[in-house]
Number of protein chains: 2
Amino acid sequence: MRKFCYFFVILFYAGTAYGADPLPSWNNTDTKSAIVAYVTAVTTQGSARFVSVPRRIAVFDIDGTLMLEKPVFLQGLFLESLVKQKVIENPALAENPDYKALLEKKSWPEYLAHTPLESIMRLYYDTHTGMTQEEFTAMARRFLRPFYNRSIVYQPMAELLSYLRSKQFKIYLVTGSETQFVRAFSQEFFNVPPEQVIGTSWKSELKEIEKDKDVEVMRLPATNIYNDKRQKVLEIEERIGRKPIFAAGNDGNGGDIAMLRYTTQAGGFGLVVVHNDWERERAYTDKDGMTQKAAAKFGWTLARVRSDWKRLFPGYDRQATSQ
Amino acid sequence: MRKFCYFFVILFYAGTAYGADPLPSWNNTDTKSAIVAYVTAVTTQGSARFVSVPRRIAVFDIDGTLMLEKPVFLQGLFLESLVKQKVIENPALAENPDYKALLEKKSWPEYLAHTPLESIMRLYYDTHTGMTQEEFTAMARRFLRPFYNRSIVYQPMAELLSYLRSKQFKIYLVTGSETQFVRAFSQEFFNVPPEQVIGTSWKSELKEIEKDKDVEVMRLPATNIYNDKRQKVLEIEERIGRKPIFAAGNDGNGGDIAMLRYTTQAGGFGLVVVHNDWERERAYTDKDGMTQKAAAKFGWTLARVRSDWKRLFPGYDRQATSQ
């Protein structure tokens, strides 16, 4: 009986990971201290800022926040692979202006900057819709196989997700990428289940495949939700129905400002990844400095890749040289 | 140390409620046996039908399934109270045909049967939108206060929710009522948190209340999602992204057939509440018997109020007399 009891006690200490650094890939800068101080304050019983477990909602942007988005975000790469496949099946498509624009682009940033959104959307509709959800997921998983080693996931952010989870936060991915596409890697990359993914989605319909046989969800060529900027807040409200107390986004296109404001206005924590490291990845920022200006005004914490992150990717240990 | 250890053991047994009947308000009929047999099969390690915890998703309709909907569903009663309040503030509204139809109705069933949906929707827009989510929630909670004693919640279904939860099911409410309205009682009535409510919703926008001040979600007079019939499946797919393995709806208007088919086609359990008890509540059914026909065709289990439920409401113990 006594041995049995020690077992519980050991389990308890193992569970709290007492004394271990929860964020080993972060340098010991103010940013790391600010994160740990906030998380400790809201999860320590008796603290003035204590937040009960059901209210520990955290929202994370994906592309540029949890993983690489330059030179191209993961769903863009998937789109390109499907477009190329379609052209192999039907070579006439190579003359279609939408296809031509993508296939003959100089670079992804140049393509995204100069192509009308409708042209890109037509390619999405052609390649991402017209099949059932299950058929789409199978396609996505085939494409994603080489990425399941998490080689494009920022290691410091993966540690932050684990740290928050160990403190009983519920983590939602709030992304401009498509919900169903993200669900094909959310568990593998981030340990986030499908019901905690909030993204862009196409319209859909329920179809009876055969009289009195299975009903299936068919993907239709029209946008249901384009989950960017303000829409991210509306979807958080619609689907979660509570204000998050932790939000993370990135400097790059202003896509996370609304979500960060919504989270921090009532005292939540806002974190902004700033891509300022030319050596270890591409560096980039908002054209007009919008996100960093908002960060200064509303008191968000910056995670500067160059100075705050010790390593970027798992197993890749090269340090940033002096600034 | 030894005492400390006994404490864990006692907690463990208390947690499993070993030997206790999890459904005491259900009669010992085939329906109760079928529910217990299914739940046991999918939650017993080693069983051929074992389902891992993250996949234990259950979806429940609310009105007529978890609580009374006759003579009027809860949100209808709320609508009526707001309409009356508006007329007190502005007596001219009594002459507005939409208001007149509701105020001078003979009965709720008659009103619902003979009023165009657009007329009802205009009343919803007038009374339910034009304020922030937080303002609306405060209004709803004032109205709901007398109901928080759960006197309109079916006790057998409350026990079923607790039973499923004790077996680590995650319960979603999938309802035609409005998401935000339901969130104002989902915890109090059913122990379901806001992020597990999927309902009808209005369009909304994010508004900056004052320059550089808080952003708030404003409710707009237009329908975003009307969550009935096939839409329920599309929203389950959109928000949960997994097929439920347990679905419960009711005979009455065919609103849950699609959701039940979607759940049971891959082996999930379908439960249909049949309101056949004239003595203890109102009895009613689909006009054309659609739900019961589907139940027979697809093998769903019926929960007949008259014979399967020992008591309907907490503390109300009158038994149904012989059939």
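The residue that is farthest from the chain's Cα centre (by Cα), counting only those in segment B:71-89 that are exposed (fewer than 15 other Cβ atoms within 10 Å of the Cβ) and either of a type in the set (G, A, S) or not in a helix (DSSP H, G or I) (or both), is B:S81. Can you pull out every residue in segment B:136-155 that is small (G, A, S) and open to solvent by 40 Å² or more (accessible area, probe 1.4 Å)? Answer for segment B:136-155, where residues must be small (G, A, S) and open to solvent by 40 Å² or more (accessible area, probe 1.4 Å): B:A138, B:S151. One residue stands out in segment B:243-283 among those that are in contact with a helix residue (DSSP H, G or I) (Cβ under 6 Å, 6 or more places away or on another chain) and in a loop (DSSP other than H, G, I, E, B): the one that is nearest to the other protein chains (Cβ to nearest Cβ), namely B:P244.
When you scan segment B:214-235, how many residues do you find that are within 22 Å of A:I57 (Cα to Cα) and within 8 Å of chain A (Cβ to nearest Cβ)? So the count comes out to 3. Restricting attention to segment B:198-213, the residues being more than 8 Å from every other protein chain (Cβ to nearest Cβ), in a strand (DSSP E or B) and more than 24 Å from B:S186 (Cα to Cα) number 2. The conditions of being surrounded by fewer than 20 Cβ atoms within 10 Å (Cβ to Cβ), at pLDDT 95 or above, touching a strand residue (DSSP E or B) at 6+ places or on another chain (Cβ under 7 Å) and among the small types (G, A, S) are not met by B:A58. Cβ-Cβ distances below 9 Å connect the following pairs, each with a first residue in segment B:130-142 that is closer than 17 Å to A:E238 by Cα, a second residue that is open to solvent by 60 Å² or more (accessible area, probe 1.4 Å), and a separation of six or more residues or different chains: B:G130/B:P221; B:T132/B:K207; B:T132/B:I209. Any residue that is open to solvent by 50 Å² or more (accessible area, probe 1.4 Å), of a type in the set (S, T, N, Q) and closer than 29 Å to B:G254 by Cβ - is there at least one of those in segment B:32-48? Yes, the conditions are met somewhere in segment B:32-48. Between B:E188, B:E195, the distinction of being within 15 Å of the chain's Cα centre (by Cα), closer than 19 Å to A:A266 by Cβ and in a helix (DSSP H, G or I) belongs to B:E195 only.
Looking at the structure I just gave you, is B:E238 part of a helix (DSSP H, G or I), facing chain A (nearest Cβ under 9 Å) and over 16 Å from the mean Cα position of the chain (by Cα)?
Yes, satisfied.
Condition test on A:F169, is it in contact (Cβ under 8 Å) with a residue 60 or more places away in the chain, within 22 Å of B:Q196 (Cα to Cα), in contact with a Leu (Cβ under 8 Å, 6 or more places away or on another chain) and open to solvent by less than 50 Å² (accessible area, probe 1.4 Å)? Criteria not met by A:F169. Scanning segment A:171-178 turns up one or more residues that are closer than 26 Å to A:S151 by Cβ, within 11 Å of the chain's Cα centre (by Cα), at the interface with another protein chain (Cβ under 9 Å from one of its Cβ atoms) and not small (G, A, S).
Please go through segment A:90-135 and give me each residue that is open to solvent by less than 70 Å² (accessible area, probe 1.4 Å), touching a strand residue (DSSP E or B) at 6+ places or on another chain (Cβ under 9 Å) and within 18 Å of A:G176 (Cβ to Cβ), ordered by number. Hits for segment A:90-135 are A:P109, A:M121, A:Y124, A:Y125, A:H128, A:T129.
The residue list B:A113, B:A94 contains one member that is modelled with pLDDT under 95 and more than 30 Å from B:E237 (Cβ to Cβ), which is B:A113.
Taken over segment A:254-279, the criterion of being buried (at least 20 other Cβ atoms within 10 Å of the Cβ) and in contact (Cβ under 8 Å) with a residue 60 or more places away in the chain is satisfied by A:G255, A:D256, A:M259, A:T263, A:F269, A:L271, A:V273, A:H275.
Restricting attention to segment A:205-224, the residues that are open to solvent by 20 Å² or more (accessible area, probe 1.4 Å) and farther than 13 Å from B:A258 by Cβ add up to 11. Checking each residue of segment B:226-249 against the condition of being at pLDDT 95 or above, hydroxyl-bearing (S, T, Y) and crowded, with 24+ Cβ neighbours inside 10 Å gives no match.
The values are calculated or read from the model by the stated rules, or taken from the named source; none is laboratory data. Note that the structure is predicted; figures quoted are calculated from it, not measured. So basically every Cβ, Gly included, is an ideal-geometry build from the backbone, and we count neighbours across all protein chains shown. What goes into the accessible areas is simple: the full protein's heavy atoms, side chains included, and nothing from ligands, DNA or RNA. Shrake-Rupley method; radii C 1.70, N 1.55, O 1.52, S 1.80 Å.
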